[in-house]
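Structure first, commentary second.
The values are calculated or read from the model by the stated rules, or taken from the named source; none is laboratory data. Because the structure is predicted, anything quoted here is derived from the model rather than measured. Quick reminder, even Gly has a Cβ in these numbers, built from the backbone with ideal geometry, and neighbours come from all protein chains shown. All accessible areas refer to the heavy atoms of the entire protein, side chains included, with ligands and DNA or RNA removed. Shrake-Rupley method; radii C 1.70, N 1.55, O 1.52, S 1.80 Å.
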Amino acid sequence: MSRAVHDAFGDTLAENAPDVSATDALAILRKHYGLAGTAQPLPGERDHNFHVRTDGEGEFVLKISHPAEDAGFTDFQNKALDHICLVDPTLPVPFVRKSLQGEAQFAVSVDGSAPRIIRLVTYLPGQLLARSPVSAAQDRNLGIFLARLGRALRGFFHPAAGSDLLWDIRKIAKTRPMMVHIADPRRRAMVERVIDSFEEHAAPVIPKLRAQIVHNDMNSYNVVMDASRPEVVSGILDFGDMIHSPLICDLAIGAVYRWPAEGHPLAPASRFVAGYQSVQPLEVEEIGILFHLIRARLALIVNIASWQAERFPAKRDYVLRLATEVWASLERLDDLSSREATRYLLDHSNPE
């Protein structure tokens, strides 16, 4: 692996973490939380997570961080969840369960490996958005939920919020070296056009926009819907990509995953934006670069996923799980001009 690739991805993405067994997870649970039950591995990009069903004390997610993860960044996540629960206790987000020693996090060596940060948060029941039937009402409700989450995080800050995170749309140019892993030259050229367009039209505007700490990863595997009412949001997961960033970047990420089944390629995204604006109205400058941000997020996904699929074959299915939808969206949006796309978003994302 070249130094440039390693620098772009950082240790937590560039190196695999040692495996953790369910037996190890249950031992940690007993020793540090006084809990017993079962532990089922959950898929993840960097860390090892387990769905824990305890004997009489509810369900949790045991989070065992990558050995290279900084303790300040996990503390950032803990503090953010505490802040959200204080500001808007009706928002369904995970609650941090402290250890027997009263710690929100601590470090232990798992099976003799380097120390890893351990946390335990409540499990949010429901059905993943990725597996839920879609609807116009769902599009709108997801936008409303993200706007509420942004409001709950408004005014919160943490020193780790300025971390150099690759999953930051603003850093899309750093992923240019990863385009070599996209085998199809036509698709590779399309991704390059997206990055060029972003750098020309969006990058100069971004520093002028309002910013705060945001979730930064409202993808369809990080949102839980009500199993009986799939248009109702019942929770949001994984605060591991939080960052201080323009609000419009957070919105663009959520809009990406409103896959266009038919009709105009921005129709579901515009309903999502309308829901968001019913809580948090957007500024003209923000809507003006939204199309570029949406395409940049799609390009970011394919660059990172293509690279990871080659480097970590065991994770190939996981990192490429959205490849079909992402490429389809990129190709449909490639047919739109920036002017046409922005006009459509302005005309169809009215909050009323």
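In the set (1) touching a His at 6+ places or on another chain (Cβ under 9 Å); (2) under 25 Å from ARG321 (Cα atoms), ALA227 fails one condition alone, (1). Looking across the stretch 36-56 at every residue that is in a loop (DSSP other than H, G, I, E, B) and more than 18 Å from PRO94 (Cα to Cα), the one that is most open to solvent (accessible area, probe 1.4 Å) is identified as ASP55. Sub-6 Å Cβ pairs linking a first residue in the stretch 92-118 that is under 29 Å from ARG148 (Cβ atoms) to a second residue that is assigned to a loop (DSSP other than H, G, I, E, B) and open to solvent by 70 Å² or more (accessible area, probe 1.4 Å), at least 6 apart or interchain, are ALA104/LYS98, ordered by first then second residue. Residues in the stretch 274-292 that are open to solvent by 10 Å² or more (accessible area, probe 1.4 Å), acidic (Asp, Glu) and either out of contact with any Lys or Arg (no Cβ under 9 Å at 6 or more places or on another chain) or part of a helix (DSSP H, G or I) (or both): GLU285 alone. Which of the residues that make up the stretch 57-67 are assigned to a strand (DSSP E or B) and open to solvent by less than 50 Å² (accessible area, probe 1.4 Å)? Across the stretch 57-67, the qualifying residues are PHE60, VAL61, LEU62, LYS63, ILE64. Would you confirm, using the coordinates I've provided, whether PRO313 is surrounded by 17 or more Cβ atoms within 10 Å (Cβ to Cβ) and closer than 28 Å to LYS174 by Cα? Here the answer is no, as PRO313 does not meet what is asked. Examine the stretch 118-134 for a residue that is in a helix (DSSP H, G or I) and surrounded by fewer than 20 Cβ atoms within 10 Å (Cβ to Cβ), and state whether such a residue exists. Scanning the stretch 118-134, I find at least one residue that is in a helix (DSSP H, G or I) and surrounded by fewer than 20 Cβ atoms within 10 Å (Cβ to Cβ), so the answer is yes.
Could you tell me which residue of the stretch 247-267 is modelled with the lowest pLDDT, considering only residues that are more than 14 Å from TYR221 (Cα to Cα) and surrounded by fewer than 24 Cβ atoms within 10 Å (Cβ to Cβ)? Filtering first and then ranking leaves ALA261. Cβ separations smaller than 7 Å between residues 6+ apart or across chains give the following pairs from the stretch 335-347 residues that are in a helix (DSSP H, G or I) to residues that are open to solvent by 40 Å² or more (accessible area, probe 1.4 Å) and at pLDDT below 95: TYR344/HIS264. Against the test of being modelled with pLDDT under 90 and open to solvent by 30 Å² or more (accessible area, probe 1.4 Å), the options ASP24, ASP70, ASP7 yield a single qualifying residue, ASP7.
Taking into account only those residues within the stretch 239-255 that are within 22 Å of PRO268 (Cα to Cα) and among the β-branched types (Val, Ile, Thr), which is nearest to the chain's Cα centre (by Cα)? Once the filter is applied, the top-ranked residue is ILE253. Exactly one residue out of ARG295, ARG271 is open to solvent by 30 Å² or more (accessible area, probe 1.4 Å) and either in a helix (DSSP H, G or I) or within 27 Å of GLU352 (Cβ to Cβ) (or both), and it is ARG271.
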